[in-house]
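The values are calculated or read from the model by the stated rules, or taken from the named source; none is laboratory data. Quick caveat: nothing in here was measured; it's all calculated off a predicted structure. Here the Cβ is made from the backbone with ideal geometry for all residues, glycine too, and neighbour counts use every protein chain on show.
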Amino acid sequence: MRRSAPVWMLTLTLSVTMGRAQEPDQGEMLYENHCTECHESIVHVREQPTVKTFAELEAAVRRWSDYKQLAWADAERNAVRDYLNQSFYGFFDAFPPPPPAPEGVTKQGRMDG
């Protein structure tokens, strides 16, 4: 029995997407390879956290990568920062809200009046 093209394409798309979701991202791999030498991830869920904002998290990743002389590019630091934020911190200011609409424009993008 032959499958129709849309069903076959959907099956292939889902399997590729699901396969990617299971692979560790760059930030996780960098963190696991370089940061867990000195500490375990438990430090990110302390009762008295030392990192309290997204900016402090970004500064901590930069400080420790410089201290360990890792020579990471900004993209690598950002990947580790984002991994830590998504996995442990959940700072909302990492994703600022969109700017307000100009006066006279509704949320749906239509002009009032």
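For segment 17-37, which residues satisfy the criterion of being surrounded by 10 or more Cβ atoms within 10 Å (Cβ to Cβ) and modelled with pLDDT under 80? Break it down into steps so the answer makes sense when it comes.
Of segment 17-37, the ones surrounded by 10 or more Cβ atoms within 10 Å (Cβ to Cβ) are 24-36.
Across segment 17-37, the qualifying residue is only PRO24.
Would you tally the residues in segment 38-72 being surrounded by 15 or more Cβ atoms within 10 Å (Cβ to Cβ) and more than 18 Å from GLY90 (Cα to Cα)? Within segment 38-72, residues that are surrounded by 15 or more Cβ atoms within 10 Å (Cβ to Cβ) and more than 18 Å from GLY90 (Cα to Cα) number 5.
Considering each residue of segment 86-95 in turn, at least one proves to be out of contact with any Leu (no Cβ under 8 Å at 6 or more places or on another chain), in a helix (DSSP H, G or I), surrounded by 15 or more Cβ atoms within 10 Å (Cβ to Cβ) and at pLDDT below 80.
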